[in-house]
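Scroll down for the structure; my scribbles are underneath it.
The values are calculated or read from the model by the stated rules, or taken from the named source; none is laboratory data. All values reported here derive from a predicted model rather than from experimental measurement. Neighbour counts run over all protein chains shown; Cβ positions are idealised from the backbone, glycine included. The area values use the complete protein model at the heavy-atom level, side chains included, leaving out ligands, DNA and RNA. Shrake-Rupley method; radii C 1.70, N 1.55, O 1.52, S 1.80 Å.
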Amino acid sequence: MIDYNSVISQRVQDIKPSGIRKFFDILETMTDAISLGVGEPDFQTPWHIRDAGIYSLEKGFTKYTSNAGMTDVRREICNYLSRRFDLHYDMNSQVLVTVGGSEAIDLAIRCITNPGDEILIPEPSFVCYGPIASLASGVPVPIRLVADNEFRLSPEQLEAAITPRTKALVLPYPSNPTGGIMEREDLEKLVPILKQHGIIVLSDEIYAELTYGQHHVSMANIPEMYDQTIVVNGMSKCYSMTGWRLGYVCGPGELIAQMTKIHQYAIMSAPTTSQYAAVEALKNGDEDIEAMKEEYDGRRRYLVNGLRKLGLSCFEPKGAFYVFPSIQSTGLSSEEFCERLLVEQKVACIAGNAFGESGEGFVRMCYAASMQNLEEALRRIGLFLDSLKK
Amino acid sequence: MDQRSNKLLKLLEKDCTLTPAQLAAMCDTTEEDIALRVQSLKDEGVILGYKALINWEKTAIEAVEALIEVKITPQRDKGFDRIAERIYQYEEVESCYLMSGGYDVTVIITGRTLREVALFVSEKLSTIDGVTSTATHFILKKYKQQNVVFEQREEQRERLIFS
Ligand SMILES: Cc1ncc(COP(=O)(O)O)c(C=O)c1O
C-alpha cells in the first residue's frame, strides 16, 4: 500500500479546497433549486463568435499555434484594449494569449515570486490568488477590506500591509464577489506608496467591461504605473465565453517574455479553435458586450432593490455581476445563512467567507440569471427571512 | 422619447410579463412613472399590444400557415395602400407588409387546413381588383419567430453549478 500522504507534496496538502464548493453536494440532489451561485454569464456565446470557431474547425485549423498566441489574436487584443480602455501594448512583445484569465494569473504570480515573497491580496476576492501564490513559494498576505467604503482598497490599508518582503499587490477590480470598483482617484491614492516600495501590481480586469454607469480605469492607465503593472483579462465574462478557456496577459515586455517561457513549457499554446473565435469576438463583439451589459444592469438594479426591500443592507455594486448583501442583521453566520437558505427555501448563494475571512457576514449572489429566477429567488429569500423572525 | 422610455420598450419587447415593480427597478424609477409611460406609449400608438407566442405544433389544434407573395397594380393617388387595406381587413390575414423587390405585398395567413388557405387565396385574395398575381408558400416548420427559438436545445451537461 502506498502512503499517498507521503507522496503528495506538503505545499499541495496545505492548500484548502475552495469554500465555493461547500454546498455542491446538497445542491446537486435538488431539482427545483434556484442557483445564484454560479460565477458565469447565463448567455450563450454570440453566434457569430461560435460560428468563427466552427468555421476554423471546418477549415481544419487544428494544430498548435505559436506559443504566445496567433498574430491575429494578439493584434486584435491590442486594438481592443486601446479602443475600449485606452491601454496601449505592443502586439509582438507585450501580449501573451493564455488558457483563461486563470492561467494568466498563475503565470504572472509564478513569474515574479521568489520563495518567501509576499503577495498582497485584498479580500474578499476571487479564490485563486492565495493558493497560486503559495504554490509559487510565495506568501499570500490578505488585506481585509471593509463594507464601509464599498470594499475599496485604501492607501492606509495598503501601507499597513507592506513589509520589506512585499513583492506584489493583486488588484482585483471590478470585484468578484463584492461588485466593488476602484475609480481613478482611488487608484491614484495608492500610486505614491506603490512607487516608493517598487511593488508590482497584478490587475485582474476580467470584469472590466461590466462596469455600470462609468468607465473602467486600469492601474496601467496611470502613466507612472504602466511599467509596474501586469494586466490580466479574458474572453470569459464579457463575451460569455467561459468554456472556451481563453484569456490574456499584458505588461512590460521583460515580464511577458518570462511568462511566455513558462507558458511554452506548461501549456504550449492556448486552444486554437478558441483563438479563432476570439479574433471574431474582439473585432466585431463590441455590440454584444453592450447588449449583455444592459441586460445585467437591469437585473442588478432589480436584485439590489429587492434585497433592500427585504431589509438586507446592500451597497450598490458598480461592477461585475454580483451583489454582496450583509446578512449580519439575521444573527446567522454566512455559512449558516447559505446552508439554511438552500435547505429550507432552495436558493443557492455563496457564503462571503469563501472569499476571505473579511467576507464573513455577507453572501454573494450572482445576477447573471433570468428575471423569473431572480423574482422567485427574492420571494423565497423573503420567506426565509420571515421565518427567522418568528 | 427619452432614454428611459427606450429602455422600457426594449424590456417589454423581450418580455411583456415583467411586472411594474420589476420594470421600475430595472429602469431605475418608480412604478407610477412606469405606469404613466406605458399609458402614454399606448396612447401614442407605440405599444400596440401584448401577445403570447404559441407553438401550436405542440397542441391538438390544427393550423396551417402560408406566406403569399402578391403583385399589385398600384392605383392612382392611393398607391398600394388602398389595395393593401382590402387585403389586410380579412380576419385570416395575420400579417401584411409592403415590400421592395420582386413583388409588392407579403401576406401571411393562417387557416385550419391547406384547402382552407388555398380557397382563401383563389377566391378572396386573387379576385381583389388590382391584384395581378399571387404565389403561395406554405410554412412547413417554424424554427424561430420574434427571436424565440421553437425547439429549445438541451441544457449543457456537467456544467459547474458553483463557480
Ligand atoms: C475575478 C476573476 N478573475 C479571473 C477569473 C477566471 O476566469 P477565466 O479563467 O475563465 O478567464 C474569474 C472567474 O470566475 C474571476 O471571477
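Under a point-charge model restricted to the Cβ atoms of Lys and Arg (+1) and Asp and Glu (-1), what is the dipole moment magnitude of the range A:233-330 relative to its Cα centre, in debye to the nearest 20?
Details: 11 positive and 10 negative charges, 91 e Å.
Approximately 440 debye in magnitude.
Taking a probe of 1.4 angstrom, what is the accessible area of B:D43 in Å², to the nearest 10?
Taking all protein chains as shown, B:D43 has close to 110 Å².
On a 1.4 Å probe surface of the protein chains, which of B:K124, B:K7 comes out largest in accessible area, and what is the full order?
B:K124, B:K7
Taking the solvent-accessible surface of protein heavy atoms with a 1.4 Å probe, what is the per residue accessible area of the protein assembly as shown in Å²? Please list the in-between numbers first.
Values: 27850 Å² over 553 residues.
Per-residue accessible area for the protein assembly as shown comes out at 50 Å².
With each run of n ≥ 4 DSSP H residues scored as -39500 (n - 2.57), what mean residue ellipticity at 222 nm is computed for chain A after dividing by its residue count and rounding to the nearest 500 deg cm²/dmol? Before the final figure, lay out the partial values.
Numbers: 14 runs with 164 residues, N = 390.
The helix contribution divided over chain A gives -13000 deg cm²/dmol.
Counting other Cβ atoms within 10 Å, keep those with at most 13, restrict to DSSP loop, and tell me which chymotrypsin sites (Phe, Trp or Tyr not before Pro) in the range B:66-163 are left.
On the way: sites: B:F80, B:Y88, B:Y90, B:Y97, B:Y103, B:F120, B:F138, B:Y143, B:F150, B:F162; in loops: B:F80, B:Y90, B:Y103, B:Y143, B:F150, B:F162.
Sites meeting the loop and neighbour criteria: B:Y143, B:F150.
In what sequence, largest accessible area first, do A:R144, A:R50 appear using a 1.4 Å probe?
Ranked list, largest accessible area first: A:R144, A:R50.
What are the residues of the range B:17-63 that lose 40 Å² or more of accessible area, with a 1.4 Å probe, going from their chain alone to all protein chains?
For the range B:17-63, once contacts with the other chains are taken into account, B:Q22, B:A25, B:M26 lose 40 Å² or more.
Compute the acute angle (0 to 90°) between the alpha-carbon long axis of helix A:47-58 and the principal axis of greatest extent of the alpha-carbon atoms of chain A; round to the nearest 10°.
Relative to chain A, helix A:47-58 is tipped by roughly 50 degrees.
Consider a paramagnetic label point 7 Å from the Cα of A:Q196 along Cα→Cβ; state which residues of the range A:139-157 have an amide N under 15 Å from it.
Answer for the range A:139-157: A:154-157.
If you roll a 1.4 angstrom probe over the protein chains with everything in place, what fraction of the accessible area of the range B:27-163 belongs to carbon and sulfur, to the nearest %? Walk me through the numbers on the way to the answer.
On the way: 4980 of 10220 Å².
Summing carbon and sulfur atoms, their accessible area is 49 percent of the total for the range B:27-163.
Using the Kirkwood radius over Cα pairs, work out the Stokes-Einstein diffusion coefficient for the range A:47-285 at 10 °C and 1.306 mPa s, in µm²/s as a whole number. Spell out each step's value before the answer.
Values: Rh = 18.0 Å.
Calculated translational D: 88 µm²/s.
Given N residues in the protein assembly as shown, what is its alpha carbon radius of gyration divided by 2.2 N^0.38 Å?
Details: Rg = 28.3 Å, N = 553, 2.2 N^0.38 = 24.2 Å.
Scaled against compact globular proteins, the figure is 1.17.
Using protein chains only (no ligands, no nucleic acids) and a 1.4 Å probe, work out which residues of the range A:362-377 have their accessible area cut by at least 10 Å² relative to the chain alone.
In the range A:362-377, residues shielded by partner chains: A:M371, A:Q372, A:E375.
Would you mind listing how long the range A:15-126 runs along its three principal axes, going by Cα atoms, in whole Å with the largest first?
Rounded to whole Å, the extents work out to 47, 45, 30 Å.
Tell me, which residues of the range A:1-41 get at least 30 Å² less accessible area when the other protein chains come in, versus the chain alone (1.4 Å probe)?
Buried by the other chains: A:I20, A:R21, A:F24, A:L27, A:V38, A:E40.
If I compute solvent accessible area with a 1.4 Å probe over the protein chains, what percent of it on chain A is carbon and sulfur?
Numbers: 8310 of 16160 Å².
C and S atoms contribute 51 percent here.
What residue among A:A160, A:I193, A:S274 has its Cα farthest toward the positive end of the dipole of chain A, where the charges are +1 on Lys, Arg and -1 on Asp, Glu, each on the Cβ?
A:S274
Roughly how many Å² of B:L119 are accessible to a 1.4 Å probe, to the nearest 10?
In the full protein context, B:L119 sits at about 60 Å².
Mind ranking A:R11, B:R159 by accessible surface for me, highest first, 1.4 Å probe?
Details: A:R11 120, B:R159 85 Å².
Sorted descending by solvent-accessible area, the residues read A:R11, B:R159.
So how tilted is helix B:31-43 from the main axis of chain B? Cα-based, degrees 0 to 90, rounded to 10.
Once rounded, one gets 10 degrees.
A plus B alone minus the pair: what accessible area, both sides summed, probe 1.4 Å, in Å² to 100?
1900 Å²
So what is the relative contact order of chain A, in percent, for Cα pairs below 8 Å that sit 6 or more residues apart?
On the way: 725 pairs, mean separation 92.9, N = 390.
The normalised contact order for chain A reaches 24 percent.
In degrees from 0 to 90, rounded to the nearest 10, what is the angle of the helix A:184-197 Cα long axis to the longest principal axis of chain A?
In chain A, helix A:184-197 runs at an angle near 60 degrees to the longest axis.
Considering only protein heavy atoms, what is the solvent-accessible area of A:T29 at a probe of 1.4 Å, reported in Å² to the nearest 10?
My reading of the accessible area for A:T29 is about 110 Å².
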